[in-house]
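In what follows, a single structure is set out as structure tokens and then discussed.
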Amino acid sequence: VTAYWCELLVDELGTHERVRFELDDGGHVAARRSGAVPQIGDQRLGTVLPGFADAHSHLFHRVLRGRTHDAGGDFWAWRERMYRAAAALDPHRYRRLAVAVFGEMIASGYTAVGEFHYLHHRPGGEPYGDHDMEVALAEAAAETGIRLTLLDTLYLTGGIGEPLSPRQSRFGDGSAERWLERWRALRDRLAVGHPGVVLGAALHSVRAVPPEAMALVAAELPADVPLHVHLSEQPLENEQCLARYGMTPTELLASAGVLGRRLSVVHATHLKDSDITLLGDAGVSVVMCPSTEADLGDGIGPALRLFEAGARVALGSDQNAVIDPFLEMRGLEAGERLASGRRGRFAPASLLAAGARAGYVSLGLGGSSGSSGPSSSHEVSLQPGDLFDVVELRSDSPRTAGAEPSQLVLAATAADVVSVHVGGRRVHHRSEQREEALGAALAAIIADVDAAGESETETHTETEGV
Ligand SMILES: [Zn+2]
């Protein structure tokens, strides 16, 4: 029997001393007891928190970190640079980049990631032979040890009523029917080689998916498949949606039958009061991405109001300008305080739930069945039946010394992560050599993507010249 003994466990109910976990063969919690004595063979840990979920990532945006602040570009200018990086990625580079970025995530305390993936095809739109880009992600997850929910994304239009631009053509499948065909084939492909990967789905946004296509996907996807969608990140999306459909993006999702407990809406920054009611009543998950929303100047979404209306709040790193679950939790509360002029909006335990449990549910990893549903709606991590994914944290670092353990989420950073365990397997232990190796891997693949991106841009310009 694999067993862990934790000197101190911090969860959504508070702190628990001397907690012993016994695990089953699948890496789930089989038994949990506080006030326990460690036994011979137990893995002993110090201060332990549940593993964090990055419920919204585009891993390839990591290439842009620390390089887009000089030109004074807005969201749309940033997006232009992002397309250049995307064009440079083939399955081999995508896999190497994914290994490096997932490695950074693991070392920062993320034990699960929802990769919102739309780099499906060759530049130009021709399919690869055997789901090569998706398999690259699955292999990278297996190599690093992070849990992957692959949110394969339907992307049909370049804007409402507009065709895909040439550089977007590799994102698209032409129709919702063809995407569904590919999604089913991908499910079969992953079931054979990568049974640990959860295959989810995503609608890119109301900008990229017409309502008929959304309705078809909502009707055809099995009910236990997590479904994600970008929602109202920019005021322009709302304006265009109103002009075309006479509805807000939230109302459009509702009319297409997409709202429900399996749905996660990402950002939800610019909402009307009635949108908040619709989303709360439907019990959706809302994935806030505080570091990205701040970086891109999106605005501050009404996270607390959505939570109070009945939505579950999870967190994502989105463009990966920051990979640090503690900074996302702190950013969620900071946004609420700055917007309201008051402290203590989300309690530390609620922030922990947003960083850990809620993200697991959003990614179809909640509860023993591995899928979200009423039986897994309890919001306390590491109960019997749950995946045993944990992070061990330094409570005596210059950042955390003196902090109340229950408030560590507002004091620590990713630099305080000592070790990370997924399903009872240690996947990370901090050391200087490990830090250096992660940094070197990132630097090498980013340089490679840059070089490939430059030759891609030359080709692109030549073609346009012709
Ligand atoms: Zn996104």
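The values are calculated or read from the model by the stated rules, or taken from the named source; none is laboratory data. Just so it is clear, the structure is predicted and the values come from calculations on it, not from any experiment. Heads up, the Cβs are rebuilt from the backbone with ideal geometry, glycines too, and the neighbour counts pull from every protein chain shown. Just so you know, the surface numbers come from the protein's heavy atoms only, side chains and all, with ligands and any DNA or RNA stripped out. Shrake-Rupley method; radii C 1.70, N 1.55, O 1.52, S 1.80 Å.
If you go through segment 1-22, how many residues are buried (at least 21 other Cβ atoms within 10 Å of the Cβ) and at pLDDT 95 or above? Even if it seems obvious, please write down each step before you answer.
First, the residues of segment 1-22 that are buried (at least 21 other Cβ atoms within 10 Å of the Cβ): 4, 6, 9-12, 19, 21.
Retained after the next criterion (residues that are at pLDDT 95 or above): 4, 6, 9-11, 19, 21.
Counting residues in segment 1-22 that are buried (at least 21 other Cβ atoms within 10 Å of the Cβ) and at pLDDT 95 or above gives 7.
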### Task
Could you grab me the full set of residues in segment 187-226 that are away from the ligand (no atom under 15 Å from the Cβ) and in a strand (DSSP E or B)?
V198, L199
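Looking at segment 342-362, can you tell me whether even one residue there is within 16 Å of the ligand (Cβ to nearest atom) and in contact (Cβ under 8 Å) with a residue 60 or more places away in the chain? Even if it seems obvious, please write down each step before you answer.
To start, the set of residues in segment 342-362 that are within 16 Å of the ligand (Cβ to nearest atom) comprises 359, 362.
Among the residues that remain, those that are also in contact (Cβ under 8 Å) with a residue 60 or more places away in the chain are: 359, 362.
Looking through segment 342-362, at least one residue is within 16 Å of the ligand (Cβ to nearest atom) and in contact (Cβ under 8 Å) with a residue 60 or more places away in the chain.
Among the residues in segment 323-330, are any touching a residue at least 24 places away in the same chain (Cβ under 8 Å), outside any helix (DSSP H, G or I) and more than 16 Å from the ligand (Cβ to nearest atom)? Even if it seems obvious, please write down each step before you answer.
The initial filter retains those residues of segment 323-330 that are touching a residue at least 24 places away in the same chain (Cβ under 8 Å), namely 323-330.
Add one more test, that the residue is outside any helix (DSSP H, G or I), and what stays is 323-324.
Next cut, more than 16 Å from the ligand (Cβ to nearest atom) only: 324.
Among the residues of segment 323-330, at least one is touching a residue at least 24 places away in the same chain (Cβ under 8 Å), outside any helix (DSSP H, G or I) and more than 16 Å from the ligand (Cβ to nearest atom), which makes the answer yes.
Could you identify the single residue in D152, D132 that is under 17 Å from W183 (Cβ atoms), open to solvent by 10 Å² or more (accessible area, probe 1.4 Å) and touching a residue at least 24 places away in the same chain (Cβ under 8 Å)? Outline the logic, then answer.
Working: D152 fails: open to solvent by 10 Å² or more (accessible area, probe 1.4 Å).
Of D152, D132, the one residue that is under 17 Å from W183 (Cβ atoms), open to solvent by 10 Å² or more (accessible area, probe 1.4 Å) and touching a residue at least 24 places away in the same chain (Cβ under 8 Å) is D132.
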### Task
Scan segment 96-119 residue by residue and report those that are within 16 Å of the ligand (Cβ to nearest atom) and of a type in the set (D, E).
E115
### Query
Would it be correct to say that A88 is farther than 30 Å from R394 by Cα and in contact with a helix residue (DSSP H, G or I) (Cβ under 9 Å, 6 or more places away or on another chain)?
yes
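Filtering segment 250-278 down to residues that are touching a residue at least 60 places away in the same chain (Cβ under 8 Å) and charged (D, E, K, R), which residue is nearest to A223 (Cα to Cα)?
If we filter segment 250-278 for residues that are touching a residue at least 60 places away in the same chain (Cβ under 8 Å), which is where we start, we get 261-262, 264, 266.
This time we only want the ones that are charged (D, E, K, R), so: 261-262.
Values: R261: 10, R262: 8 Å.
The qualifying residue nearest to A223 (Cα to Cα) is R262.
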### Query
In segment 291-313, how many are among the β-branched types (V, I, T), away from the ligand (no atom under 14 Å from the Cβ) and crowded, with 24+ Cβ neighbours inside 10 Å?
1
### Query
In segment 45-164, which helices (runs of 4 or more DSSP H) lie fully inside it and hold 3 or more residues that are over 21 Å from R187 (Cα atoms)?
75-87, 91-108
### Query
In segment 409-422, what residues are surrounded by fewer than 19 Cβ atoms within 10 Å (Cβ to Cβ) and in a loop (DSSP other than H, G, I, E, B)?
T413
### Query
Right, S291: in contact with a Lys or Arg (Cβ under 6 Å, 6 or more places away or on another chain) and either without any contact (Cβ under 8 Å) to a residue 24 or more places away in the chain or of a type outside the set (A, V, I, L, M, F, W, C) (or both) or not?
no
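So how many residues does segment 241-280 have that are assigned to a helix (DSSP H, G or I) and basic (K, R)?
To start, the set of residues in segment 241-280 that are assigned to a helix (DSSP H, G or I) comprises 241-245, 249-255, 273-280.
Narrowing further to those that are basic (K, R): 244.
Result for segment 241-280: 1.
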### Query
If you take the residues in segment 50-95 that are under 20 Å from the mean Cα position of the chain (by Cα), without any contact (Cβ under 8 Å) to a residue 60 or more places away in the chain and away from the ligand (no atom under 16 Å from the Cβ), which one is most open to solvent (accessible area, probe 1.4 Å)?
R95
### Query
What is the one condition in (1) touching a residue at least 60 places away in the same chain (Cβ under 8 Å); (2) buried (at least 16 other Cβ atoms within 10 Å of the Cβ) that G161 does not satisfy?
(2)
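What's the total number of residues in segment 2-12 that are of a type in the set (A, V, I, L, M, F, W, C) and within 24 Å of the chain's Cα centre (by Cα)?
Selection size over segment 2-12: 1.
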### Message
Looking only at segment 227-238, filter to residues that are outside any helix (DSSP H, G or I) and open to solvent by 10 Å² or more (accessible area, probe 1.4 Å); which one of those is farthest from the ligand (Cβ to nearest atom)?
### Response
Q234
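Could you say which residue among R170, R189, R184 is without any contact (Cβ under 8 Å) to a residue 24 or more places away in the chain and basic (K, R)?
R184
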### Query
Considering only residues of segment 248-282 that are crowded, with 20+ Cβ neighbours inside 10 Å and at positive phi, which is nearest to the ligand (Cβ to nearest atom)?
H267
